[in-house]
Amino acid sequence: MKKPTKKIAGARWISATTGLVELGRDWKKPDVPPLFSTVDNKLLTGLERASPYIYARRSGYFIENGLIHFMVFPSRFPNFELGERNLYVAGDFSNWGDAIGQNKWELSPSDWKGQVCFELQIPSHLCFDRKWVQFKFITSDGQWLDTPADAPNAAYDSHGHRNFRILPHQTGQHIFSFTRTRLEGFDGGGGVLWSEEGYEEMEPLVQGGYFLKAGTKLALGSIAEGNQTIFRLFAPRATRAQVSYYKDSGNTGDREILEMNRVDATTWEAVAPLNLHGWRYHFNIADTHGQKFTGIDAGIDILDPYALAAVGPSGPGIVWDRSLIEHPIETFNPPAREDIVIMEAHVRDLTTYASVDIDERERLGFSGLRKWVESEDFYVKSLGVNALELQPVQQYDVGDPSVYQWGYMPVNYFAPHAGYSLNSERGSQIREFQDLVAACHRRGLAVILDVVYNHTGEPNHLGHIDKQYFFEIDTKGEFFNWSGTGNTLRADSPMARRLIVESLTHFMEIYGVDGFRFDLAELIGLDALREIETALKKVRPSVILIAEPWSFRGHIGPRLKSTGYSSWNDGYRDFMRQYLTGRGDAKGLQYYLAGSPDHWTEWPAQTVNYVESHDDRCWLDDITENKDHNGANPTLLDRRRTHLMIAVLMSSLGIPMISAGQDMLRSKQGVRNTYLRGELNAIDYGRTHRYSGTHEYFRRWIQFRLSEKGRAFRLSKAASSDYFRFFQLDDSSAVAALFNADGGAGKGSGQLLFAVNPHEKEVSIEVAEIDLALWTQIADSERFDERGLETALYHIDGKTLKIPAMSCGLWVE
């Protein structure tokens, strides 16, 4: 027997009093469909046709009176900013990208009930003829708008691209609204029943967009003050909540359990009549109504998202009286953005083989790194960088302190990782991390934290508080995995955004952290990133903000130009690997030397230039001549290319970032993903002796860049069109670049001439209008001496500069 077509495609609340039902097909009858409430089995109250614009907001179109209306509501498209660009609909009917520039396919600004939108009306027969046709929206400069994954008509083409699809049986005439008496909370609501003779079908009602805007302004977490402790938890759809607390983690039989009460529509509270500083606690919540997509499980203890310290990833949290936390006393002013040179490193990579007297437990975390920082021989300081970017130190999902992991699976955003402390049971991680940051500051190092606000690890405590509220999910309640790690945090929900802002503020105020690098920032979104920037600059205007501007969903690098963020420049990374292996071009190098202007930046310090980070293969393994990408024993050419790399990196406008160990030709033996491989990631300081020349070459370049003589590499504003003068050959990618040609680097800043030849044959470059006799060579591809090299200088013939194979040079006027 043929299975009947599903009558109800979905049902959801769009406000506290209004629900929406989407049918499986257009409803063409004059009367309303037989839709009943499962709560009282009565016909839905106020049932009527809904505006087709409601459907178009999610689907990109509706059809009415022979016209198809293509619609774009900007709020539906993450990180959408049209600016001065035009918007077009592209699809099978317009030959896709060919739609650009054609008035026929251009959308115009419009408005629906106060919502900004863009609309195009066109006869429907021009777009489809009773068949499913795919389409998408594109800007006049060729930027595609990513089709939202939760669009009811999302479809994939043969290339794996997600598009919209015109559905002839769902044109906007299949949407009905109904009403109910307002409820105070979000629990309950039942479902919708289709009931007619011989057939019944039920669809649960799920919470819609209005629910995702819910929030509270109450202080959350455990608040120990005077002779009482207040516990508060945001859990909008819980129907019961408890807090259990006890003095000793090893003796949970002494638990005290308090029932929590609602204090507003979303928040639960309980008060203990004593100051519980140092006690452990968990939350536990239940959903007795069986609502859809809550993720609530009464059998799971929840680690408080606002816990300031935790014993481990599963908890318990530790009550901490904020009045007992000593705030940083010393004032540290980080370098201006254009003056920063960053080293990215992992806590344990730095301590494992550090030549400092610490025990094995200290080598695992904050205390050991603090002692290494304080050592006269501290590697990071001796190399000359002035900013240390630490991989995640917020509590992540590994409980055993001996287990190595990068830390990109956070389970709490306020607590420093327990596994990096000497006594997590007593919350020692708070003071130990404070001491580490203070030690870095005393050595002149700014501290930047790598933070992960795009997904969470396991246990997923937020997911057990409210899965739908805190995470991006599909219509079946499954996580969207745009992070590549299993879930995606819904950063535009008010309480997720508040959690982000308040935890970042906490790390600035309590620990003295100078800045943050946001992992997969595209998933956080432009609106949230701007709100974060505004909030953190109120705490400290000098805060350093860096974004990794992509995800598995999209890329927002160029759109960060209008913000105060710098962003990891993956274009720079990829180009440099090609260029220094002889596969790049001169124009590309000129673009990146100039700080990726126009497309990527409005001023140079908005680009973070790098060729290696923790992800993927390290630089040396990627470019080595050895088989299997194993650079453990680099060739002479590997070493020379690495010298050219650091020379170009330090000469490029923008913020340079190196990875710990690059200066000693670190290899991960060809392994691409070393997420759990501490033995491969640990810095082998013995290589500084084995490759002392390379280490010293890095150090000298960093030192020069940060000196007054290197000011031309560090612009605090956009370079003028005359700042550079480039010289090149028609048949080579070798380049000579004159910096500060117009004096734009400021009073007292001299000009610099840098040249690089990535090929295995000598080149001669004519540098017209420059009297080379007045210039002093201070660096080649092996040596650097600010006083001037005295021997083996590159040959100059009039205005022609001869650059040896696989070489570079730097001259001062």
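Net charge dipole, the chain: roughly 1200 debye, given to the nearest 20, about the Cα centre with Cβ charges of +1 for Lys and Arg and -1 for Asp and Glu. For LEU729, project a label point 7 Å along Cα to C-beta. Then give me every residue of the range 796-813 with its amide nitrogen under 20 Å of that point. Residues 796-811 fall inside that zone. Counting every C-alpha pair in the range 428-493, the share spaced more than 13 angstrom apart comes to 71%.
Accessible surface calculations at 1.4 Å, restricted to protein heavy atoms, place the chain at 40 Å² per residue. Consider all pairwise Cα distances in the range 684-813 and report the whole-number % of them above 17 Å. Above the 17 Å cut-off, the range 684-813 has 61 percent of its Cα pairs. Sorting TYR156, TYR675 by accessible area puts them as TYR156, TYR675; the probe is 1.4 Å, largest comes first, and only protein heavy atoms count.
As a calculated quantity, the FRET efficiency between ASP264 and GLU708 at R0 = 41 Å, using C-beta atoms, amounts to about 0.10.
In this simple spin-label model, placing a label point 7 Å from the Cα along the Cα-to-Cβ direction at both GLU786 and GLN228 gives a separation of 6.2 nm.
The TYR199 and ARG85 beta-carbon pair, evaluated with R₀ = 56 Å, returns a calculated FRET efficiency of approximately 0.65.
When the accessible area of the range 293-391 is computed with all protein chains present and a 1.4 Å probe, what percentage of it is carbon and sulfur?
Accessible surface attributable to carbon and sulfur in the range 293-391 totals 48 percent.
Mind checking the angle between helix 526-539 and the chain's longest principal axis? C-alpha axes, 0 to 90 degrees, to the nearest 10. So the inclination is approximately 70 degrees. The angle between the Cα long axis of helix 692-705 and the longest principal axis of the Cα atoms of the chain comes to about 80 degrees, rounded to the nearest 10. Modelled spin labels at THR181 and VAL403, positioned 7 Å past Cα toward Cβ, are 5.1 nm from each other.
Multiply the residue separation of ASP797 and ALA773 by 0.36 nm, subtract the distance between their alpha-carbon atoms, and state the gained length in nm to one decimal.
Here the answer is 7.7 nm.
Here the accessible area of the range 114-266 is 47 percent carbon and sulfur, with a 1.4 angstrom probe and all protein chains present.
Run a plain Debye calculation on the chain (Cα atoms as equal point scatterers, no solvent) and give log10 I(q)/I(0) at q = 0.05, 0.06, 0.07 Å⁻¹, rounded to two decimals, same order as the q list. Results for the chain at q = 0.05, 0.06, 0.07 Å⁻¹ read -0.33, -0.47, -0.63. Compared with the direct C-alpha span, the chain from GLU106 to GLU509 gains 140.1 nm at full extension, assuming 0.36 nm per residue.
Excluding ALA745 itself, calculate the net charge of residues whose Cβ lies under 15 Å from the Cβ of ALA745, where each Lys or Arg counts +1 and each Asp or Glu counts -1.
Combined, the nearby Lys, Arg, Asp and Glu give +1.
Computed over the chain, the per-residue total of -39500 (n - 2.57) for DSSP H runs of n ≥ 4 gives a 222 nm mean residue ellipticity of -5000 deg cm²/dmol, rounded to 500.
Rolling a 1.4 Å probe across all protein chains gives CYS440 an accessible area of roughly 0 Å².
Model label points for ILE257 and LYS538, set 7 angstrom from Cα along the Cα-to-Cβ axis, are 4.0 nm apart.
In a DSSP loop and with at most 10 other Cβ atoms within 10 Å, the trypsin sites (Lys or Arg not before Pro) in the range 21-95 are LYS28, LYS42. Only one residue of ASN423, THR475, ASN460 has its Cα farthest out toward the positive end of the dipole of the range 418-519, where Lys and Arg carry +1 and Asp and Glu -1 on Cβ, and that residue is ASN423.
Counting 0.36 nm for each residue step from LEU636 to GLU48 and taking away their Cα separation leaves a gain of 204.0 nm.
Seen against the Cα atoms of the chain and their longest principal axis, helix 429-442 is set at about 30 degrees.
If the cut-off is 19 Å between C-alpha atoms, which lysines fall inside it for LYS802, apart from same-chain ones fewer than 8 positions away? Answer for LYS802, where 19 Å is the Cα cut-off: LYS761, listed by chain and number.
The values are calculated or read from the model by the stated rules, or taken from the named source; none is laboratory data. Please read these numbers as outputs of a predicted model, since none were measured by experiment. A quick note on method: Cβ atoms are made from the backbone with ideal geometry, for glycine too, and the neighbour counts reach across all protein chains shown. Only protein heavy atoms, including side chains, enter the accessible area calculation; ligands, DNA and RNA are left aside. Shrake-Rupley method; radii C 1.70, N 1.55, O 1.52, S 1.80 Å.
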